[in-house]
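The values are calculated or read from the model by the stated rules, or taken from the named source; none is laboratory data. Bear in mind the structure is a predicted one, so any value in this text is a computation, not a measurement. Neighbour counts run over all protein chains shown; Cβ positions are idealised from the backbone, glycine included. Remember, those area values only see protein heavy atoms, side chains included, never the ligands or the DNA or RNA. Shrake-Rupley method; radii C 1.70, N 1.55, O 1.52, S 1.80 Å.
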Amino acid sequence: MEVTARAPGKIILAGEHAVVHGYTAVASSIDLYTVFSIRLRSEDDDTVKLMLNDIGLDFSWSVRRIKEVLSHLGSPFSSTPTSCSLETIKSLATLVDEQSFPETKIGLASGVYAFLWLYTSILGFKPATVTVSSELPVGAGLGSSAAYCVSLSAALLALSDSVKLDVSQKGWSTFNETEAELVNKWAFEGEKIIHGRPSGVDNSVSTFGNVIKFKSGVMTRVNSNMPLRMLITNTKVGRDTKALVANVSARKSRHPDAMCSVLNAIEAISDEWSTIIQSHAVDDLYLSANEEKLGELMEMNQGLLLSMGVSHASIENVLQTSMKYKLASKLTGAGGGGCVLTLLPTHISGEVIDKLVEELGSFGFQSFTAGIGGKGVQISFDHSS
Ligand SMILES: Nc1ncnc2c1ncn2[C@@H]1O[C@H](COP(=O)(O)OP(=O)(O)OP(=O)(O)O)[C@@H](O)[C@H]1O
Ligand SMILES: C[C@@](O)(CCO)CC(=O)[O-]
Ligand SMILES: [Mg+2]
């Protein structure tokens, strides 16, 4: 039997970085998914094979070698999410180094550490073939790391004793609330390995889907009543969430008072965002007034992100280009490159959007739209293999 789990990426509508320091963010899932499939091999087949299709890397470890290196961990503890210690990260690095990880892709190694940690913690030392592929750009601000950790945790838990699913179900099915909580907690442990200091917003929105508000580790569901449309522009400038988050923390410790004001302002923006999208538009005039307010909030949020040091020349380029069309934009996710959101109000014509996309394309950027606010993590079982 093969188990497949898929988890969505996300956009942060307001409050990235501030949320790491205990201030509110608002985020929504998008209908682009990362998919993990796991097929257990027979017990005498001593191999764990991992195929990372998006980055073109394959790994193969013997179960015996994994056991040897991680023997200090003991039996799996799938029902109790546990943090990976620094000492264990070093052991995981040994396993990855033995596979001669290409130097040019070394920034991606933490994803493999997260795989090994979640795999051995949840399933133990079972032989399997594991593949992952994603519709999300990797490391571009759309929560690829969270979707990776959530879909992996979901597929592993579906094969563990901690979750009892109806394996005869056909097509995609969802987890109940308690099971989804467990998936989310494990995914957060994986995110910690990749991000260093994640707030938990990305894995929560990937697990539960829809629109959420997130503050100090607590998630609240937001009932959005607005037809939100965003153009997502990938600047294709590579960046690393872990480093950007660390830079913001360093700036905060250098200028605690100024940064406290910036973070409070961002929280006010997030709160206003969630109030506006929850309100019911009584007519078109009310809707376009609200869209204008959201556009302004995005501009203000972007200005504050610039003051935190996480904008980038490529992001500023997208802002200026969309401004020519009187459209508001902000970076989404960790910034420093990656993706930018441009609000597409309901009244805007397809022609204008096409022109904007073309102009952005002339800089080498890639723009697309995605469905906002769909389902969170889902699972399916295939008995044919
Ligand atoms: N499909 C994938 N295949 C392999 N590794 C992946 C995949 N998706 C994510 N990763 C891992 O996640 C890392 C990227 O995470 P990072 O947090 O920097 O970016 P992001 O999650 O896309 O953006 P943000 O956190 O700003 O939303 C990669 O370096 C890799 O380790
Ligand atoms: C930059 C950040 O706020 C969002 C990344 O999508 C980091 C986090 O919340 O973990
Ligand atoms: Mg990430």
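Quick look at the numbers
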item: Carbon + sulfur, % of accessible area of the chain - ligands and nucleic acids excluded, 1.4 Å; result: 51
item: Summed residue charge, Cβ within 15 Å of H21's Cβ, Lys/Arg positive, Asp/Glu negative; result: +2
item: Among S151, S37, S71, residue whose mean-square fluctuation peaks in a GNM of the chain (springs only between Cα atoms under 10 Å); result: S71
item: Cα gyration tensor shape for the chain, rounded if a/c is under 1.5, else prolate or oblate; result: prolate
item: Å² per residue, accessible surface of region 228-369 at 1.4 Å; result: 47
item: Cα shape, region 228-369, gyration tensor, a/c 1.5 rule; result: oblate
item: Additional length obtainable on full extension of the chain from D354 to E43, 0.36 nm per residue less Cα span; result: 106.5 nm
item: Rounded to whole Hz, the Karplus (6.51, -1.76, 1.60) HN-Hα couplings of region 83-92, x for glycine and proline; result: 6, 7, 6, 4, 4, 5, 4, 4, 5, 5
item: Calculated from backbone phi, Karplus (6.51, -1.76, 1.60) coupling profile of region 151-158 in Hz, x at Gly/Pro; result: 5, 5, 4, 5, 5, 5, 5, 4
item: Ranked by how many other beta carbons lie within 10 Å on average, peptides 338-351, 15-28, 363-376, 216-229 from highest; result: 15-28, 338-351, 363-376, 216-229
item: Separation between Cα centres of region 104-133 and region 175-243, rounded to whole Å; result: 20
item: Local net charge near A128, Cβ-Cβ under 13 Å (Lys/Arg +1, Asp/Glu -1); result: 0
item: The chain, relative contact order in percent, only Cα pairs under 8 angstrom and at least six apart counted; result: 28
item: In region 228-369, lysine pairs closer than 25 Å at Cα, eight or more apart or cross-chain; result: 14
item: Label-to-label distance, nm, for residues given as E103 and T275 (7 Å Cα→Cβ offset); result: 5.6
item: Highest-fluctuation residue, K330, K105, K49 considered, GNM on the chain with Cα pairs under 10 Å; result: K105
item: Label-point gap, in nm, between R65 and K324 - each point 7 angstrom along Cα→Cβ; result: 5.3
item: Amide H partners (placed H, <5 Å) of K10, local residues excluded; result: I30, G143
item: Per-peptide average of other Cβ atoms within 10 Å, ordering 126-135, 233-242 highest first; result: 233-242, 126-135
item: Per-pair calculated FRET efficiency, R0 = 41 Å: A289 and K185 via Cβ, rounded to 0.05; result: 0.50
